[in-house]
1. Go through (1) over 15 Å from residue 105 (Cα atoms); (2) charged (D, E, K, R); (3) at pLDDT 95 or above for residue 45 and report which single condition fails.
2. Check whether at least one residue in segment 61-75 is closer than 15 Å to residue 1 by Cα and in contact with a strand residue (DSSP E or B) (Cβ under 7 Å, 6 or more places away or on another chain), and report yes or no.
3. Mind listing whichever residues of segment 19-33 are closer than 11 Å to residue 98 by Cα, surrounded by 12 or more Cβ atoms within 10 Å (Cβ to Cβ) and of a type in the set (Gly, Ala, Ser)?
4. Would you mind finding the one in 14, 39, 75 that is modelled with pLDDT of 95 or more and within 11 Å of the chain's Cα centre (by Cα)?
5. For the structure I just gave you, tell me whether residue 83 is at positive phi, at pLDDT below 95 and not basic (Lys, Arg).
Amino acid sequence: MFAIFEDGSHQYRVEAGDTLRVDFREAAKPGEALNFDRVLAAGTDSSGQFGRPLIEGATVVGEVVDTAYDPKIEVGKFKRRKGYIRHNGHTQKYTAVKITGINVPGLAE
């Protein structure tokens, strides 16, 4: 069974057992459960269900694996013959979540 859910401004397609990276959650500790209730679509090989815009009562359950940083992004600006050089970098935090279950009422696995 798969599900497509929305978290923040991102949409994810997941199956049970998948690991994905979502936006950083400061309060999430490794081993805690996260529930995503904005499920847009879900289905199996033989049947499916689409929400309008959401499926009522559907949830995707995940377990927090880790919080970490993405690789550093380096930004350099340079204008020749003007004496203008700028350097900046950014590392984005994320939370890794392992999907443990997909619960959709009326849809059998």
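The values are calculated or read from the model by the stated rules, or taken from the named source; none is laboratory data. What you see is a predicted model, and the numbers here were worked out from it, not measured in a lab. Positions of Cβ are generated from backbone atoms using ideal geometry, with glycine treated the same way; all protein chains shown enter the neighbour counts.
1. Of the numbered conditions (1) over 15 Å from residue 105 (Cα atoms); (2) charged (D, E, K, R); (3) at pLDDT 95 or above, the odd one out for residue 45 is (3).
2. Yes.
3. The answer is 33, and nothing else.
4. Criteria check complete, one pass: 14.
5. For residue 83, the condition - at positive phi, at pLDDT below 95 and not basic (Lys, Arg) - is not met.
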